[in-house]
Every structure is written in structure tokens, then in C-alpha cells.
Amino acid sequence: MNAPLPTAQLRQQLYREMDPLNLTPLWEVLHALVPPEPATLCVPALWSYDAVRPFLMRAGEAITAEEAVRRVLILENPALRGQSAVTQSLYAGLQLILPGEVAPSHRHTQSALRFIVEGSGAYTAVDGERTTMHPGDFIITPSWTWHDHGHEGDEPVVWLDGLDIPMVRFFDAGFAENNTSKSQKVSRIEGTSFARYGHNMAPVRHEARFGATSPIFSYPYARSREALECLERDAPVDDWDGVKLRYLNPLTGGSPMPTMATFMQRLPAGFDGRPWRQTDGAVYSVVEGNGEAVIEGRGNSWRFAFGPRDHFVIPSWHTARFSSERGCVLFSYSDRPVHQALGIHHEERSS
Ligand code: 1HN
């Protein structure tokens, strides 16, 4: 009789011989599949606008918006290079349009947000209505709506694109289509959506044109800024967030898009925030002022000094705290609505 194989050898033989059947033992990977707490591969990263802008302008010389379809430099998480992802679920990029250019009309199931970083006078058209871009405006392209961008002004315009591309890719649920015309026909005057839905009022009889997405597709900075300024003067300042507001879909009270939540916050002068962490990784665009983010996670720490137009990402379950000597305004977006829909959103605030 043969001597029984030593355990280790027995197992290796089992693994080897069942491998051709695409079978693999759970017990070897169980700990990694259900970690005791989120253990993202993503790392915090900062893109200083001073460093990025020259490359954007060079891209403006290297290719037209029309040829590129979308002239964008993708902000890739350093730990996810090649995946067009800033976190496991989110995409971020900086898009440039120059005077006279058109980015042709198309549609896709991925939802997009635009946050205007530099310049005025470009427009985006969604489903027949144009909206003019100004720095700090937050604009939505709902899933499966025709959209094109154009620029009839006289200075370069740059915005942050936030899309749910990795999430839709994960579900293998993406469709896309090009329009037959470069620029879609304008069928409503500018401001129609905002007039119908943007004043804490809504038409008495209406349908949700964009399904689960907000019928307002442009949230002007002038309004958000005014709200933050008033609240900074008169309302309690949160020790973790400063003064932070979430954008909402006026028809539901929920997030403007089913997959992405958006926020605008003001850190008052002298703010020295307490640390927090949450499961939704977030991308930040600095609107005004300067500040610092200290981020810790997975045994490492990062200190980002940020100023206007800088972008940074705080990955899932990394501890972060903000400070600002002279005050600043931050826009951010995350995949929080999906966490909430799945009942897996976690947040921790420390003292
Ligand atoms: C897209 O359609 C836009 O419409 C921007 O401006 C970025 C990234 C991937 C796929 C589609 C846009 C995009 C995109």
C-alpha cells in the first residue's frame, strides 16, 4: 500500500487536477473575498491644475474636439492604470473645448456629470436644450440622452467629466449610439428645465423626462455659492464637513443621478476638521481657495495641499480630514446612491 500523501501535497494535487475543469478552492481565497473591512486597491491621488493644464493645452494643438469626439485627459487612479478609472466604480477626466469647436452628438447608457473648471461660453446640449457653462456650474447628462458640446465664446473651456463608466462596465450594461447630425437641433430655449424644476416648484402635470435622473440638468454655481455663503454666516458649521450641501433631484429628493451623488462644501477660514471615512470613494474639484487634506489608509498617509482647479480622489474607507486657513469651496462626487440602494453604505466620524 502507498503511504498517504502529506496534506500539502494532497491539496496541490487536488488543485492541479481540477484546474482544467475551471474549479478552484474557496478556502484559499475566502479571507480576501470577504475582508474584515474594505481593502481597496485604489490610492489617494492629487492632480495639480498647474501641472495638468499645459498637457490639456497641448492636447488642444494635437487633436480637434471633433476628431477626438471628446478631447479628454483621463484622471487615472495610480493603482488602476490602463483601466480608465479613478476609483473601482467611477471615471474622471478633464475635457477641453476651444472656441469654434463642436464635440459631436451621441448618447450612451453611462450617466455623466460636468463640473466647469475654467472658462465660460461653451455650451452643452441635452435632449434639445442648451445650457451655457460658467465656472462652478454642475451639469448633468442623463443616461441615454443625446448630448453634444459646442463653444461660441473666445477662451478655452475646461470641465471635469464624472461618469459611472466602470460601474456600467462591471454590469456589462453599456450601449452607445452616434447621432446622424453633429449638433442636435435646439427645440427648447435655454433655461426651460431650470424654470420648470429649479425654483422649489414643479409643473403640476409632468412626467419624469429623464427617468431616475434629475430633470434639472444645470445647477448654476451662483446659486450654490449664495447658499453656502449664507450658511457659513448663520448656520452651525459641521466639525467634519464644514458647510456641506448635496445636490438633489427635485422630483425625488434623492441624488441627481441614480449612480452618482454630488456635493458642494465650504470650509470656513480657520477650519481644522475632524477625521472621517466612508465606503464611497469620492473625487474632488477645488472651486475656490486653498486647503489641505490629510488622508490615511492601508498603513500609508498622504498630505495634499490644494488650490483652485486642483483635483483629488479619496478612496473608499480611507480616513480623511480637511483644513483651510483662509477658507475654500470644494465640489465632489461619489457612488453613494448605489451604496445606499444596496444597503452597504458605511460612514465613521472620529473625534
Ligand atoms: C462622453 O460622452 C463625454 O459627452 C465625456 O463629454 C467623457 C468618457 C467616456 C465615454 C463617453 C462627453 C466620456 C464620454
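The values are calculated or read from the model by the stated rules, or taken from the named source; none is laboratory data. Here the structure is a predicted model, which is why all the values come from computation and not from measurement. No Cβ is skipped: glycine too gets one built from the backbone with ideal geometry, and neighbour counts run over all protein chains shown. Side chains included, ligands, DNA and RNA excluded: accessible areas come from the protein's heavy atoms. Shrake-Rupley method; radii C 1.70, N 1.55, O 1.52, S 1.80 Å.
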Seminar exercise, completed: Amide H neighbours of Thr109 at under 5 Å, excluding residues fewer than 5 places away on the same chain, with H built from the backbone geometry, are Trp144, Phe175
Exercise. Percent of accessible area on segment 196-351 owned by carbon and sulfur, 1.4 Å probe?
Worked result: 47
Exercise. Do the sum for the chain: with -39,500 (n - 2.57) for every DSSP H run of n ≥ 4, divided by all residues, what is the mean residue ellipticity at 222 nm, to the nearest 500 deg cm²/dmol?
Worked result: -5000 deg cm²/dmol
Problem set entry | Heavy-atom surface of segment 211-315, accessible at 1.4 Å and reported per residue (Å²) | 41
For this session: Could you tell me what percent of the accessible area of segment 95-173 is made up of carbon and sulfur, with a 1.4 Å probe and every protein chain present?
Result: 54
Exercise. Rounded to whole Å and sorted largest first, what semi-axes of the equivalent ellipsoid does the C-alpha gyration tensor of the chain yield via the square root of 5 times each eigenvalue?
Worked result: 38, 27, 21
Exercise. Taking a label point 7 Å from the Cα of Asp239 along the Cα→Cβ vector, which residues of segment 250-281 have an amide N closer than 16 Å to it?
Worked result: 271-277
Problem set entry | Rounded to the nearest 20 debye, dipole of segment 51-188 from Cβ charges on Lys, Arg, Asp, Glu | 200
Problem set entry | Between helix 7-18 and the chain: long-axis angle, C-alpha atoms, 0 to 90°, nearest 10 | 60
For this session: Round to the nearest 10 and give me the degree value, 0 to 90, for the angle of helix 221-234's Cα axis relative to the longest principal axis of the chain.
Result: 80
For this session: Could you size up the charge dipole of segment 111-166 around its Cα centre, putting +1 on the beta carbon of Lys and Arg and -1 on that of Asp and Glu, and report it in debye to the nearest 20?
Result: 120
